[in-house]
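Below: one structure, written as structure tokens.
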Amino acid sequence: MAHLDISSYLTPNCRTHLVGIGGVSMAPLAEVLHGMGMTITGSDVRESGTVAHLRSLGIEVHIGHSAENLGDAQLVIRTAAAHDDNPEISGARARGIPVFERAQAWGEIMKHYKNALCVSGTHGKTTTTSMCTHIIMAADMDPTVMIGGTLPLLGAGHRVGHGETIILESCEYCNSFLSFFPTIAVILNVDADHLDFFKDLEDVEHSFRAFADLVPEDTGLIIANRDDENTMTTLKGETRPLRTFGLSEGDVHADNLSYDHGLPTFDIICQDKTVATVKLQIPGEHNVRNALAAAAACLSLGVPAQAVERGLRAFRGAGRRFEKKGTINGADVYDDYAHHPSEVQALLSMAMGLGYRRVICAFQPHTYSRTKALFDEFVQVLSQPDVTLLAEIFAAREDNDLGISSKDLCQHIPGSEYFPTLKALTARLRELAQPGDLILTVGAGDIYTVGENLVKSE
């Protein structure tokens, strides 16, 4: 149905069914469309707090997928996880009901906002989008927000506001972000990832350039990481307005950077003037860059420097981003979503500088294709912790046609141990944990449950 224009359907009273309505970007979409006066129904695979919230708004949600759930729907919007063989997708097409992607719906919605701040990048999107949210909330701008994780400030991963600004985490996978209409496009970094979809790094760069080119030529702005070579290569020859950020260079950069127990304090310099002094409540050099990106984006919207300062100082992380779970046997347990070698490297570099006796990393690779494509990089980065434990690969959306296992990584990482089940991995961490240890559960799958189960035993 790509030839159809979704805008003609996003009208009051249009009966719209969302497949996968409980997802992190689908639930806020349902809420926004409901607020526009549309009649919303949906389906999801399981009950959740999100599903309960949607029902409290008067939205009918079915558990399980069936063509019967469509009812008298005039439009279907699907999550990326709902494939063509989903009974609701195939049922809709059999009945001639148009099916659109969630990104197309979000793209149409953002046309109605004066400011559409879209945060992209291979790494750091959730944290930076969350920082932008903190800043713009501190400025009382009442934004609408969609984040790919939970932000404690919101108690959720989304917010439906009434202001002129919408903030969206913008994912490159399947070129979803190319359906958006950013007025400000943030590019944090560009790296080879999602190689089950992209052919290579050049293909990834091509998509990010296409995303940057969505910005209006006269009134829009691109915010780009000067420190990231691939980003600058991607934007070479770009004629749209461009503002850079970087650790020590760029239109927006840091000065007087210091660390106290891993927590950075720094001045934010914007166009050669000190505009704010910030002490972050989250550690790591990579988060200094994320903060600079958020500051650059928000300052370009005319946000007062005081709001930038207040927002960043109040930010204490998003869910699954170096999130403390508790302690076991005197060891601190943290969970992190890192699943690409560059992300794991940033996490470990930060963690190993915090002064713990040992860093114990329990890593669950995410997708067979990523593990295969970046095998050598994973071996290199996972050889750094004092102890490395490997869970089996989290399949996500894939079948193991490559015949790869975490066992293969284990054979190349000195001293590492492999565990076929999370239960066995949890038991081993319980044996290892000692006072002065930092235990990291790392990955984009369900390894976070390991940390939760560990601290339950305390």
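The values are calculated or read from the model by the stated rules, or taken from the named source; none is laboratory data. Please read these numbers as outputs of a predicted model, since none were measured by experiment. Backbone-built Cβ (ideal geometry, glycine too); neighbour counts: all protein chains shown.
Points worth noting:
- Looking only at residues in region 226-242 that are in a loop (DSSP other than H, G, I, E, B) and acidic (Asp, Glu), the one that is surrounded by the fewest Cβ atoms within 10 Å (Cβ to Cβ) is Glu238.
- Residue in region 352-362 that is surrounded by fewer than 21 Cβ atoms within 10 Å (Cβ to Cβ), closer than 19 Å to Asp336 by Cβ and either free of Cβ contacts under 8 Å to residues at least 40 places away in the same chain or of a type in the set (D, E, K, R) (or both) present: yes
- From the options Phe245, Phe208, residue that is assigned to a strand (DSSP E or B) and within 17 Å of Val119 (Cβ to Cβ): Phe245
- Near pairs, Cβ below 8 angstrom, 6+ apart or cross-chain, from region 405-429 (surrounded by fewer than 16 Cβ atoms within 10 Å (Cβ to Cβ)) to any residue that is basic (Lys, Arg) and assigned to a helix (DSSP H, G or I): Glu417/Arg428
- Of the strands (runs of 3 or more DSSP E) lying entirely inside region 52-130, the ones with 1 or more residues being among the basic types (Lys, Arg) are found at 75-78.
- Count of region 1-34 residues which are part of a loop (DSSP other than H, G, I, E, B), out of contact with any Lys or Arg (no Cβ under 8 Å at 6 or more places or on another chain) and hydroxyl-bearing (Ser, Thr, Tyr): 2
- Qualifying residue in region 265-278 (condition: under 20 Å from Ser300 (Cβ atoms) and assigned to a loop (DSSP other than H, G, I, E, B)): yes
- Sole exception among (1) touching a residue at least 60 places away in the same chain (Cβ under 8 Å); (2) touching a Ser or Thr at 6+ places or on another chain (Cβ under 6 Å); (3) over 26 Å from Gly317 (Cα atoms) for Leu374, by number: (2)
- Count of residues meeting criterion [more than 22 Å from His340 (Cα to Cα) and surrounded by 15 or more Cβ atoms within 10 Å (Cβ to Cβ)] in region 201-219: 4
- All of Ala81, Ala105 fail the test of being at pLDDT below 95 and within 20 Å of the chain's Cα centre (by Cα), apart from Ala81.
- Some residue of region 277-300 being buried (at least 17 other Cβ atoms within 10 Å of the Cβ) and on the phi > 0 side of the Ramachandran plot: yes
- Test: Ile223 is at pLDDT 95 or above, buried (at least 18 other Cβ atoms within 10 Å of the Cβ) and over 22 Å from the mean Cα position of the chain (by Cα): no
- On the stretch given as region 411-431, residues that are of a type in the set (Asp, Glu) and in a helix (DSSP H, G or I) total 1.
- Here Ala92, Ala103 are screened, and the one residue that is more than 30 Å from Val303 (Cβ to Cβ) and aliphatic (A, V, I, L, M) is Ala92.
- Residue selected from region 54-78 under the condition surrounded by fewer than 20 Cβ atoms within 10 Å (Cβ to Cβ) and in contact (Cβ under 8 Å) with a residue 40 or more places away in the chain, by the criterion nearest to Arg15 (Cα to Cα): Gln74
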